[in-house]
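First up is the structure itself, then whatever we jot down about it.
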Amino acid sequence: MPLHKVPIGKSPESAFCFEYLLSMKLRFPHPKISLFGHLIGTIENTRPSDRLILRILFFTFIGSLVSAAILYSTAISQEAPVAGGTISEGVIGIPRFVNPALAVTRADLDMTALLYSGLMRIDPEGNLVPDMAESITVSDDGKTYNVIIRNNIRFHDGTPLTARDVAFTIGLIQNADLKSPLRGNWSDVTVEEIGEYELNILLNQAYTPFIENFTLGILPKHIWSTIPVEQVPFSMFNTEPIGSGPFQIDDITRDEAGLISVYELKKFTDNESVILSEIRVHFYQNEDELQQAFDAKEITSSAQLPSAFVATIVDSSDYQVVTEPLPRVFAVFFNQNRSPALRDTAVRLALTTAIDRDVLVDTALSGFGIPTNNPVPPNHPALQSPSQTVEPSGTSTPQSRAESILSRAGWVKNNTGAWEKRIDGEVVPLTLTLKTANTPAFEATTEVIARAWRDLGVTVQIEEFEQSDLLQAVIRPRDFESLLFGLDMNRAVDLYPFWHSSQREDPGLNISQYANIEVDRLLERARVATSTEAQNTATLGALQIIARETPAAFLYVPNLTYVLDRDINIPPMKRLSRPHDRFMNANEWNTETDTIWPIFK
């Protein structure tokens, strides 16, 4: 029977259903519509007492189907980033050498990380993974690294990146005339080009942490090889760089003095994994300017805001604060060659014991750090048990324990309350000059340490220097009695450059001029160990000896504190080497997401 001949009752609702179904029949002449119409007709043709019940059951069934569909869609849907979006990063300093071979400052290193890519990178879980490299194979003896480069990588100007560019970058760093800060990382290294996209990197001797160097950004040979080495530091390509990283320069803003104030970076179109459209990097002279820009919403993220300010917004609903320990240990280094008092192990131990590291971290870093008594971060795998401590246990205060150490070693207080001891026939007073940089972090740390030592009865004089002057006039000639400084290590935390006796003189980094034959042997063994267990065993042995001899008072490991607007989505940041490593996965950053089914991701 045709649909329009079926009697369905005389109520207004029935008339509406009839007209609706008739229209559906006309629009969608399909057998299933006819069956559906028969179902409606059957319901409407029943007795009035049954019709209401059937209507309720029918619409309940339809509602259940719709609800089930919605629940299923919600259950299988996933959040996915939406392409586009802009973030504004704030950085202290003015970029001068946005060049992997010359970058030293935070500004230069941050820009280099965004504009260049290396053979490897650090993934969100903190593991080294291939980036430009398709594969890296290490020989059994640990001396040869065979590198195969992906053949689809281009520089920002469209030129293919090949093995020639990798070999050129390493060779430029090795050139003594360039004075690259990375030259030591690539000394005694030979590069063999095997093919257009394959090369061998050869070491004179095995060095397990060497692979960390493969995050080095690669320079385009076709640009830099035309510039004489002595002219490289003066090239415009240092501030208008061409790399192969996830972002490329779109525009540069300069101030009245001609200094760069803003880099506008756009997504490198060859890198399909990049989600953000743009990153604007603003540069400021100091922390005050940076904080003012942050308060004014001129920037949306920064890793250089003062720790005291970060502490006030850490619980804010408007921001997120990423904190991650960095492989950098702050310490007071003792130079026994410049102070007869410091030659006494008891003095070094007492000075170390007198410092309350928890108070130090809370006061100087606003809590954004980890106290330590070791020359390695507390999470180092060699420390299978809690950090080796130089302080005896008990309920006594650091001051009372330090006084006890001095007294047992024959030091006495004179009429003025100052410590002194007869050494080699002469009365030696316990006085000390502490030198450091005049940055806010160093100044705050120095204040806490000096107060603790003065409360102990030590006469302390503080001398502060500009960072460049501290390096040239104090650290390199080892002209200090005690020095507050931070040791930057890589993720492998190789202690050799800082504590092996061969590194006592400049340009070595053994600031305390520490020498111990057994420590030398252990550090050499750790460097060439092919297993993690052997490396950690050797490292732990060296740490225990250094803790006993106390060539420095180890203080804390600072955290990276990266503040971002709440709507900026970033992957985890783990086991970073230095602050600029936060950009290693910038291609995954996004500001907006949408909910879609997995098949449409």
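Every number here is computed from the coordinates shown, using simple stated rules; none is lab data. On a predicted model such as this, the values are computed, not experimentally measured, just so you know. Cβ sites come from the backbone with ideal geometry, for glycine too, and all protein chains shown count toward neighbours.
General remarks:
- Across the range 293-386, Cα pairs under 8 Å and at least six residues apart give a relative contact order of 26 percent.
- Each label point was placed 7 Å from the Cα along the Cα-to-Cβ direction; for Val129 and Ala308 their separation is 4.1 nm.
- Once the Cβ-Cβ distance of Thr431 and Ser261 is raised to the sixth power relative to R0 = 41 Å, the FRET efficiency obtained is 0.30.
- Counting every other Cβ atom within 10 Å of each residue's Cβ, Met489, Met573, Met236 order from fewest to most as Met236, Met573, Met489.
- Against the chain, whose longest principal axis is taken from its Cα atoms, helix 398-408 shows a tilt of about 30°.
- Angle in degrees between helix 517-528 and the longest Cα principal axis of the chain, rounded to the nearest 10: 30
- Two-decimal ratio, the range 70-154, of alpha-carbon radius of gyration to 2.2 N^0.38 Å: 1.62
- Here the range 328-559 is assigned +1 on the Cβ of each Lys and Arg and -1 on the Cβ of each Asp and Glu. Its dipole about the Cα centre then comes out at about 480 debye.
- A straight chain from Lys574 to Lys143 at 0.36 nm per residue would run longer than the Cα-Cα distance by 152.3 nm.
- Potential extension, Asp288-Ala83 segment - 0.36 nm per residue separation minus Cα distance: 70.4 nm
- Helix axis angle, 12-27 relative to the chain longest principal axis, alpha carbon, degrees: 80
- Computed [θ] at 222 nm, deg cm²/dmol, the chain (DSSP H ≥ 4; -39,500 (n - 2.57); rounded to nearest 500): -9500 deg cm²/dmol
- The modelled label-to-label distance for the pair Thr60/Arg521, using points 7 Å beyond Cα in the direction of Cβ, is 8.6 nm.
- Placing a pseudo-label 7 Å from each Cα along the Cα-to-Cβ vector at Leu471 and Ile223 gives an inter-label distance of 2.4 nm.
- Counted by neighbouring Cβ atoms within 10 Å, the residues Phe583, Phe168 run from fewest to most as Phe168, Phe583.
- Calculated FRET value between Gln544 and Ser187, using beta carbons and R₀ = 41 Å, to 0.05: 0.85
- Mean separation of Cα contacts under 8 Å (6+ apart) over length of the chain, as relative contact order %: 20
- Exceeding the 27 Å Cα-Cα cut-off - candidates Lys143/Lys267; Lys221/Lys266; Lys179/Lys266; Lys179/Lys221; Lys413/Lys435; Lys267/Lys297: Lys143/Lys267; Lys179/Lys266
- The simple Förster model, with R0 at 45 Å and r as the Cβ-Cβ distance, assigns Lys297 and Glu198 a FRET efficiency of 0.35.
- [x] 68, 67, 59; [y] 127, 64, 57; [z] 72, 64, 42, with the label sought being that of the calculated Cα extents along the principal axes in Å: [y]
- Antiparallel beta bridges, as assigned by DSSP with both residues in the range 328-559, represent about 70 percent of the total such bridges.
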